[in-house]
Amino acid sequence: MQTTVNPHAEVLALSQSLLRFDTINPPGDESRCMAFLADLLRQQGYTVHLQRFGERRFNLLARLAGSRSDTPPLAFTGHLDTVPLGNAQWQFDAFAGDIVEGRLYGRGSSDMKAAIAAFIVACRQQRQAIEAGSGVVLILTGGEETGCDGARALISEASEHLPKIGALIVGEPTANYPIIGHKGALWLRCETHGKTAHGAMPELGINAIYLAAEAIGKIRYFEPGAPHPLMKRPTLNVGTISGGLNINSVPDRSRFDVDIRTAPNLRHDDIRQRLSAAMGDSVSVTTLVDLPSILTEPGNGWIRQVFSRCEPLHDAPLQPRVVPYFTDASLLLDALGSPPCIILGPGEPSMAHQTDEYCRVDKLIQAVMLYGQIILDWGASRE
Ligand SMILES: [Zn+2]
């Protein structure tokens, strides 16, 4: 018996189901959430591959095959992990999926479980077109919030399951505004080594915290490189510092981490080398995260088509825009054959990682429609 499903109710219910899994990272645990999605997608006709990349850590690749092999499939990607709740008290239950005054509340609502629900529902609605066309691939990752750990495991250990795809949609929160690229990230760990001594006789030691402080002073106004026309200036921030064991000793070790955000006109090797030289020999530098920036030309035919679909949803004409934060696309694009990529999701960009995070219900419904149109256009433009 064929049952008709109300897509509005369906996307809200699926978003709520995803929000009810605690996938806070760190520590990170996508196991139950991914098992739930694997079951759901299998029921909808997908071939599913679950990839384990750590204790209770999972990625999921799902493919709904099409009948045409002459064109590559469209792909959607999203991460199921979320950031922690933070210290401030939440007014709403972070794991209940409450809907109040047109807002769906919960950790991960905007960033980005609602988007994942939206593209799964859009694919279910357009299943016939997908199967008559070139198919669709869903790349659901874990571990994104700590530096794309899931995506990294996917490309290094399960790349045989990653097909070449025609275009990639990343459902990160953009309030349904199409974003054509994002900055790269270079995270460096800097360490200084001194010589310990009694705190009452500091002249006998070498204070590693002083060495770190001097090095930080030297890089505070460091310029990682020239501005990029769209991405503007690269940035640098010292995010953490630690050192010393007790107040009455000269510390012999100190450590600080530097977060640099870059653009396609800059080479990470070059930045690292210049930064290291600026700090001098007393600092050893190791790379923690190295993610390239991404940018698809605004003139690309598919990008223009997506823009034309988004245009009616916004008050002013759309501009080619980029965002400063990174996404899994940074690692995935290369493995997927470097297709054009758009970042487009119903979440509120300002709500990501916030207390009482929510996603607007009207944007979520809009996203289901928008993703559906993009799926249909993909089939139609290649007939
Ligand atoms: Zn995110």
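Worth a mention:
- Test: residue in segment 20-27 that is among the hydrophobic types (A, V, I, L, M, F, W, C) and within 17 Å of Ser109 (Cα to Cα): yes
- Within segment 287-333, the set of residues being in a loop (DSSP other than H, G, I, E, B) and within 16 Å of the ligand (Cβ to nearest atom) comprises Pro324, Tyr325, Phe326, Thr327, Asp328.
- Filter result for Ala175 (among the hydrophobic types (A, V, I, L, M, F, W, C) and more than 16 Å from the ligand (Cβ to nearest atom)): no
- Set Ala118, Ala96: member being surrounded by fewer than 17 Cβ atoms within 10 Å (Cβ to Cβ) and in contact (Cβ under 8 Å) with a residue 40 or more places away in the chain: Ala96
- The lone exception for Tyr325 - which of (1) surrounded by 22 or more Cβ atoms within 10 Å (Cβ to Cβ); (2) modelled with pLDDT under 95 it fails: (1)
Quick grid of which residues meet (1) more than 12 Å from the ligand (Cβ to nearest atom); (2) aliphatic (A, V, I, L, M); (3) under 26 Å from Pro163 (Cα atoms); (4) under 15 Å from the mean Cα position of the chain (by Cα):
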| site | (1), (2), (3), (4) |
| --- | --- |
| Asp81 | no, no, yes, yes |
| Ala88 | yes, yes, no, no |
| Asp93 | yes, no, no, no |
| Gly97 | yes, no, no, no |
| Val100 | yes, yes, no, no |
| Tyr105 | yes, no, no, no |
| Met112 | no, yes, yes, yes |
| Ala115 | no, yes, yes, yes |
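- Options Ile219, Ile169; residue that is buried (at least 18 other Cβ atoms within 10 Å of the Cβ), β-branched (Val, Ile, Thr) and over 24 Å from Asp111 (Cβ atoms): Ile219
- Pairs linking a residue in segment 78-90 that is in the same structural domain as Gly142 (by TED's automatic domain parsing) and β-branched (Val, Ile, Thr) to a residue that is near the ligand (Cβ under 9 Å from one of its atoms) and modelled with pLDDT of 95 or more, with Cβ atoms under 8 Å and 6 or more positions apart or on different chains, are Thr82/Gly108; Thr82/Asp111; Val83/Asp111.
- Scanning segment 147-172 for residues that are within 16 Å of the ligand (Cβ to nearest atom) and in contact with a Gly (Cβ under 7 Å, 6 or more places away or on another chain) yields a total of 4.
The values are calculated or read from the model by the stated rules, or taken from the named source; none is laboratory data. These numbers were taken from a predicted model, which means no experiment stands behind them. In this analysis, Cβ positions are derived from the backbone assuming ideal geometry, glycine residues included, and neighbour counts consider all displayed protein chains.
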